[in-house]
Amino acid sequence: MQIVVLRIGHRPERDKRITTHVGLVARAFGAKEMLLTGRDPSIEESIGDVAERWGGGFKLRSDVAWRDEARRWKDLGGKLVHLTMYGSNLPSVIDEIRGCDKIMIAVGAEKVPAEMYDLADWNVAVGNQPHSEVAALALFMDRLLEGKELEIDFGEGLKIIPTPRGKTVIDRPARGEQSSEPCSEEKGKET
Ligand code: SAM
């Protein structure tokens, strides 16, 4: 399944951390790309840094025109899911959505334009209470992918070896690169 996330209405002065977290969730759970209306160099830097060190080839595309992107996606056979507390509650539509192979997931920041509600194939609520785009995206992707997103191995870059205590991280060469030494191990380093 091909997944991209469309982040609408990012306000650089207010939304830096939240938009960064939307991007991190999108990448970690298997989306290939985040499209962002507007441009924010600090987000480009932090998402780019994680994608480079942790692998997986995730891309951030800034300054997109959201209507054009959504329409093009649909013209090419993709489906558009807009996450909104006003929509159909997740359990009632997720089985239907899971049948699609190309999904664009739109999340807002400030008020989302009314046109999005019409353009979307599904307006989906992750519970009909206001909360957060990060939580909504994470829960939606988890239900969509039925937990498989928790076992993704990007096959390159840093990889955590799960341990009950402490921190073990190995570094693997990028795809197509030869490793000059076996895996190095880093301990106690945060992302
Ligand atoms: N006031 C904004 C509006 O009217 O669209 C919503 C702001 S909310 C903090 C930002 C985004 O979080 C929304 O655009 C939506 O994508 C997501 N969101 C918040 N609660 C949600 C819910 N219960 N279900 C799905 N998405 C939700």
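Computed from the coordinates by the stated procedures, all read-outs in this text should not be read as laboratory data. Everything quoted here is computed from the prediction, not taken from an experiment. Here the Cβ positions follow ideal geometry from the backbone for every residue, glycine too, while neighbour counts run over all protein chains shown.
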### Task
Please sort 150-156, 137-143, 48-54 by packing, taking for each peptide the average over its residues of neighbouring beta carbons within 10 angstrom, highest first.
137-143, 48-54, 150-156
### Summary
Shape descriptor, the chain: equivalent ellipsoid semi-axes (Cα gyration tensor, sqrt 5λ, whole Å, largest first) stand at 31, 18, 16
### Message
Translational diffusion coefficient of segment 48-141 at 10 °C, 1.306 mPa s, Stokes-Einstein with Kirkwood Rh over Cα pairs, in µm²/s as a whole number.
### Response
110
### Message
On a straight-distance basis, which lysines could pair with K102 in a cross-link, Cα separation under 19 angstrom, same-chain partners fewer than 8 positions away excluded?
### Response
K32, K59, K74, K79, K148
### Query
Along the charge dipole of the chain, Cβ charges K/R +1 and D/E -1, which of L83, N128, L60 sits furthest on the positive end?
N128
### Calculated [θ] (222 nm, deg cm²/dmol) that DSSP helices of n ≥ 4 give over the chain, each run adding -39,500 (n - 2.57)
-10500 deg cm²/dmol
### Task
In debye, nearest 20, what is the charge dipole magnitude of segment 9-137 about its Cα centre with +1 on Lys and Arg Cβ and -1 on Asp and Glu Cβ, if you could check?
120
### Task
Kindly put T84, T37 in sequence by how many other C-beta atoms sit within 10 Å of each C-beta, fewest to most.
T37, T84
### Summary
From fewest to most C-beta neighbours within 10 Å, the residues L158, L60 line up as L158, L60
